[in-house]
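Chemist: Take a look at the following structure, please.
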Amino acid sequence: FHHVAASAFSTIPKHQPQGMNPHRRNKKRIRPKAAANPSSSQIMAAEHDHRPQPPAQAANNQKSLFGAMIVALCIFNILDVDIHMNKANDASGGRRSLLSSLYLAGPSTLLPWAQHHLVDVMDRPDIEAETALFWHIPKSGGTTAKRLYQCMGQTLAHRVGADPKWGHDQSEELVVFEPHDGKDWKVVNVDTTIKAGIMRAKKLGLVQSHTTDLIFTMEPNFAGRELYDEENKGRFLALFRHPVDRALSMFFYLQTATWERTYRPEWANMTVLEWANLDHAEEDYMVHKLVGKGFRDTVDETDLIIAKELVRQRFIVGLMGEMNESIRRFNIVLGVDEESDRSEKCMVDFGLKDVTPAETEGGSDSRNLQDKTSATDKKNSNKHPKFEEGSPEFQVVASRNSLDMLLYKYIETLFDAQKEIVDSFLQDEAEPEQEPQLDESAKLALLPPGSAMKVVSNPSEVQGSLANVNDPIQGRDSETPFFWHVPKSGGTTLQRLYWCMGSTIANEVGVNPKFGVKHGEFSNLVSFSPWKDNPGKVVNVDVATHEGILEAKNRGFLTKAGQPHVDFVSTPEFQFASMMLFSPNHKARMFALFRHPIERAVSKFYYLQKATWEPTYNTRWAKMTLEEWASRDRGDNNWMVRSLVGKTSKSELNDEDLKLAKEIIRTKFAVGLMENFEESVHRFNILLGVDESDPKNQACADEFTSNGGDTHSSRNQDQIVKKNQFNSYSHPEAKRGSPAWVSLAKIHMYDSLLYRYITELFAEQRAMFQSTPVAT
């Protein structure tokens, strides 16, 4: 009844312990090498002025994505033109050190599941510890790759294994079997190409069983999240094709592919121009799939950055137009022995070794997109008209796939850059490492997307997601206030003041596990009151870390309809939050409290001597005097200027950086001063629409502003400690002219100059808040 053709099959218990897999064949062992410590979703090294939080993942690299924000928000379509490459700091360490340093440069926009569930591109393959996944992008050579590895005798997971005709689709155990007698290739009884099949594979413990050589899927984001875990990681591979050629091939293919679930006979009488203008025409397929959005959801330039980072750090990329070289690299990371008789014969049969490609399936010769195989599936290959770049047909399809076009161009450069990495896996550990010969474009491809972009010095142009400070305040449908929380500058006191007034604030508090509110990728956005006898609310997002900001973006924070009201967002992550959470269509209304940089630095020093709950707590600092600590830079010099212009502590600052930082503050920020706390709060009340005549608000203002903004004033110390016991405390001051003051003044010179400018701007803005227009 089920037409079971396999002469024998085996069942595998769920979650089989890791070990040698009897179903994996033709493997050439590559000795594992220590992981390269890939950069993860970054957390600021500077302290966060808040109550104790669970330790977050720490990372040391703080390269800001300022250039990416510039391009993403304003001029992203010229991404591949207006860029330049910073020189590598140290290329003397050989191939691995240079490649690792490039891959690790800057903060990552890597999705959390990819960070934890997938091995890094830089990690040497370990075929017994990892399970490979091939993202099958339709009409991009995936069927050829699948049939090639079937030919080589690999055990695969894809649609065939769950076909009811084999009789294993309802089994409660994993079954590895041969679907065709005499073919000597095996499949697992799960369909990993669709979400329902992926969930069944997860239930049966597919990855944990270590029975499968290669998983094929069309849902990379979903499969990566659901199938893998931190103990059983995956390695991702994919073949990519020019988006226009791929879309046109799909258009012509589905006109006649009666066997496909997506067969479209109505397209047969359409022209390309007619098809491309349909409302349901395919748009930016690759970006949608990588970030895990449905085709009805819009994708934007920030999604493109996330997609690029996922591909850069977690995909061994292949190009359909470079099939021979792509398969060679895949074989290396899969541990396939190309020299075995069987593998060599398959490579020859598929036109991948010692033969001339038989057919070109791609587009124009200039893009060289050839289907280099003679053993391909004839049902899946279709001859169709070609359209040259510049033709109306090409242009209209390209315009509907603008983000995929940029992603593909990036992947082409990444393909060139990854050759050094993959070839290094063949190098014996004992061999001396050689200096890699990478050109500038290859080096750029290894950097986080946008990290080497040219910084444009016109803030009005680059800060497209930020409202101009002089513009009338708009409604929450078009802008949301954004409090830039400069650590140790009164930000926590300010937040508690507004919670007292009943405000809803999105910071990091809403994901604290002690409140028991779900906040995962599939959780609804909600606001809630975490404290008794306090009317303040929080939202179940974390916008204080890169990982949390990415998750909030993917959940539609500030963009989806029907989400809870937010009075303001609060985070130290100015650049990353501006880029990921805001856009020209929904802008951030910036405001911030500032403190003298030397006083802020001293406060930080004494705070981190005692704040054992902070990830940045330093036991060595606890034993230092202020003079010892202030004698040299501790990695936090000029934090404000660097955060505004996008430079790490290792990069030199100059007068142009200071000029740019001043211009951003001048044009985008309503500034407050910690030393003028009460007046600052009055201005922020106007910006936030707080009714100062309300008796309850007046009582809150009296309670939190009675110290005049001096959170360490001796006359108010008892009150402040009671209100903010974790973040405010009495400590010695650094006297002006003292050795500690002089040393810190040199270290924080640019921040000091910026602060002096901010104090002048504070006086200038006084007139603006005497009569502030509010849009109705």
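The values are calculated or read from the model by the stated rules, or taken from the named source; none is laboratory data. Because the structure is a prediction, the values reported are computed rather than measured. Please note: Cβ atoms are built from the backbone with ideal geometry, for glycine as well, and neighbour counts cover all protein chains shown. Ligands, DNA and RNA are stripped out before the accessible areas are found, and what is left, the full protein with its side chains, is counted by its heavy atoms. Shrake-Rupley method; radii C 1.70, N 1.55, O 1.52, S 1.80 Å.
Chemist: Kindly indicate whether any position in the stretch 202-222 is over 30 Å from R312 (Cβ atoms) and among the hydrophobic types (A, V, I, L, M, F, W, C).
Modeler: yes
Chemist: I'm told L352 meets every condition in (1) crowded, with 16+ Cβ neighbours inside 10 Å; (2) under 30 Å from P112 (Cα atoms); (3) at pLDDT 85 or above except one. Can you identify the failing condition by its number?
Modeler: (2) is the only condition that L352 fails.
Chemist: Ok, one more. In the stretch 155-196, which residues are in contact with a Gly (Cβ under 9 Å, 6 or more places away or on another chain) and more than 29 Å from S343 (Cα to Cα)?
Modeler: Of everything in the stretch 155-196, just one residue is in contact with a Gly (Cβ under 9 Å, 6 or more places away or on another chain) and more than 29 Å from S343 (Cα to Cα), namely D169.
Chemist: Considering only residues of the stretch 476-501 that are open to solvent by 30 Å² or more (accessible area, probe 1.4 Å), not acidic (D, E) and not in a helix (DSSP H, G or I), which is modelled with the highest pLDDT?
Modeler: M501
Chemist: Determine which member of the set K604, K587, K560, K553 is in contact (Cβ under 8 Å) with a residue 12 or more places away in the chain, assigned to a strand (DSSP E or B), open to solvent by 10 Å² or more (accessible area, probe 1.4 Å) and of a type outside the set (V, I, T). Reasoning before the result, please.
Modeler: On the way: K604 fails: assigned to a strand (DSSP E or B); K560 fails: assigned to a strand (DSSP E or B); K553 fails: assigned to a strand (DSSP E or B).
On inspection, the qualifying residue turns out to be K587.
Chemist: Inspect all residues belonging to the stretch 565-583 and state whether any of them is touching a Gly at 6+ places or on another chain (Cβ under 8 Å), crowded, with 23+ Cβ neighbours inside 10 Å and either not aliphatic (A, V, I, L, M) or not in a strand (DSSP E or B) (or both).
Modeler: yes
Chemist: Take the stretch 106-118 and flag every residue that is touching a Phe, Trp or Tyr at 6+ places or on another chain (Cβ under 9 Å) and surrounded by fewer than 24 Cβ atoms within 10 Å (Cβ to Cβ). Walk me through it before giving the result.
Modeler: First pass over the stretch 106-118, keeping only residues touching a Phe, Trp or Tyr at 6+ places or on another chain (Cβ under 9 Å): 107, 109, 113-114, 116-118.
W113, H116, H117, listed by residue number.
Chemist: Can I ask one more? I'm trying to understand the selection: among the residues of the stretch 326-340, which are open to solvent by less than 20 Å² (accessible area, probe 1.4 Å) and not in a helix (DSSP H, G or I)?
Modeler: The answer is G335, V336.
Chemist: Residue by residue through the stretch 635-662, note down the ones that are surrounded by 18 or more Cβ atoms within 10 Å (Cβ to Cβ) and acidic (D, E).
Modeler: Taking the stretch 635-662 and keeping what is surrounded by 18 or more Cβ atoms within 10 Å (Cβ to Cβ), we get 636-647, 653, 657-658, 660-662.
D636, D657 - these are the residues of the stretch 635-662 that are surrounded by 18 or more Cβ atoms within 10 Å (Cβ to Cβ) and acidic (D, E).
Chemist: Within the stretch 517-530, can you find the residues that are more than 23 Å from R225 (Cβ to Cβ) and in a loop (DSSP other than H, G, I, E, B)? Working first, answer last.
Modeler: If we filter the stretch 517-530 for residues that are more than 23 Å from R225 (Cβ to Cβ), which is where we start, we get 527-530.
Passing the criteria: S529, P530.
Chemist: Would you please name the residue that is most open to solvent (accessible area, probe 1.4 Å), looking only at residues in the stretch 191-207 that are over 26 Å from the mean Cα position of the chain (by Cα) and not small (G, A, S)?
Modeler: K203
The rows are residues; the columns are (1) out of contact with any Asp or Glu (no Cβ under 8 Å at 6 or more places or on another chain); (2) in contact (Cβ under 8 Å) with a residue 12 or more places away in the chain.
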site: E599; (1), (2): no, yes
site: S643; (1), (2): yes, yes
site: N654; (1), (2): yes, no
site: A670; (1), (2): yes, yes
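Chemist: Which one is surrounded by the fewest Cβ atoms within 10 Å (Cβ to Cβ), of the residues in the stretch 391-419 that are of a type in the set (A, V, I, L, M) and under 22 Å from the mean Cα position of the chain (by Cα)?
Modeler: Filtering the stretch 391-419 for residues of a type in the set (A, V, I, L, M) gives 396-398, 403, 405-407, 411, 414, 417.
Okay, now just the ones that are also under 22 Å from the mean Cα position of the chain (by Cα), so 403, 405-407, 411, 414, 417.
Values: L403: 22, M405: 19, L406: 24, L407: 25, I411: 24, L414: 24, A417: 24.
Looking at the filtered set, the residue picked out is M405.
Chemist: Can I ask one more? Looking at the stretch 378-407, which of its residues are charged (D, E, K, R) and either at pLDDT below 80 or more than 26 Å from E301 (Cβ to Cβ) (or both)?
Modeler: Step one: filter the stretch 378-407 for residues charged (D, E, K, R), giving 378-379, 383, 386, 388-389, 393, 400, 404.
Across the stretch 378-407, the qualifying residues are K378, K379, K383, K386, E388.
Chemist: So if I check each of L118, L110, L133, L148, which one is of a type in the set (A, V, I, L, M), in contact with an Asp or Glu (Cβ under 7 Å, 6 or more places away or on another chain) and touching a residue at least 40 places away in the same chain (Cβ under 8 Å)?
Modeler: L110
Chemist: Here is a list: T262, T258, T298, T302. Which entry is farther than 30 Å from H117 by Cβ and among the β-branched types (V, I, T)? Before you say what the answer is, go through the steps one by one.
Modeler: Values: T262 fails: farther than 30 Å from H117 by Cβ; T298 fails: farther than 30 Å from H117 by Cβ; T302 fails: farther than 30 Å from H117 by Cβ.
After ruling out the rest, the residue left standing is T258.
Chemist: State yes or no: is L98 modelled with pLDDT under 90, part of a helix (DSSP H, G or I) and more than 19 Å from I198 (Cβ to Cβ)?
Modeler: Details: modelled with pLDDT under 90: yes; part of a helix (DSSP H, G or I): yes; more than 19 Å from I198 (Cβ to Cβ): yes.
Taking the combined requirement at face value, the residue satisfies it.
Chemist: In the set H180, H158, which member is buried (at least 21 other Cβ atoms within 10 Å of the Cβ) and in contact (Cβ under 8 Å) with a residue 40 or more places away in the chain? Before you say what the answer is, go through the steps one by one.
Modeler: Numbers: H180 fails: buried (at least 21 other Cβ atoms within 10 Å of the Cβ).
Exactly one of H180, H158 is buried (at least 21 other Cβ atoms within 10 Å of the Cβ) and in contact (Cβ under 8 Å) with a residue 40 or more places away in the chain, namely H158.
Chemist: Could you tell me which residue of the stretch 281-294 is farthest from E266 (Cα to Cα), considering only residues that are modelled with pLDDT of 85 or more, open to solvent by 20 Å² or more (accessible area, probe 1.4 Å) and part of a loop (DSSP other than H, G, I, E, B)? Spell out how you get there, then give the answer.
Modeler: Filtering the stretch 281-294 for residues modelled with pLDDT of 85 or more gives 283-294.
Of the ones still in play, those that are also open to solvent by 20 Å² or more (accessible area, probe 1.4 Å) are 283, 289, 292-294.
With the extra rule that they be part of a loop (DSSP other than H, G, I, E, B), the set shrinks to 283, 292-294.
Numbers: E283: 19, G292: 29, K293: 27, G294: 24 Å.
Going through the qualifying residues, I end up with G292.
Chemist: So which residues in the stretch 325-359 are touching a Pro at 6+ places or on another chain (Cβ under 8 Å) and not aliphatic (A, V, I, L, M), if there are any at all? Please lay out each step first, then the result.
Modeler: First, pick out the residues of the stretch 325-359 that are touching a Pro at 6+ places or on another chain (Cβ under 8 Å): 332-335, 351.
G335, G351 - these are the residues of the stretch 325-359 that are touching a Pro at 6+ places or on another chain (Cβ under 8 Å) and not aliphatic (A, V, I, L, M).
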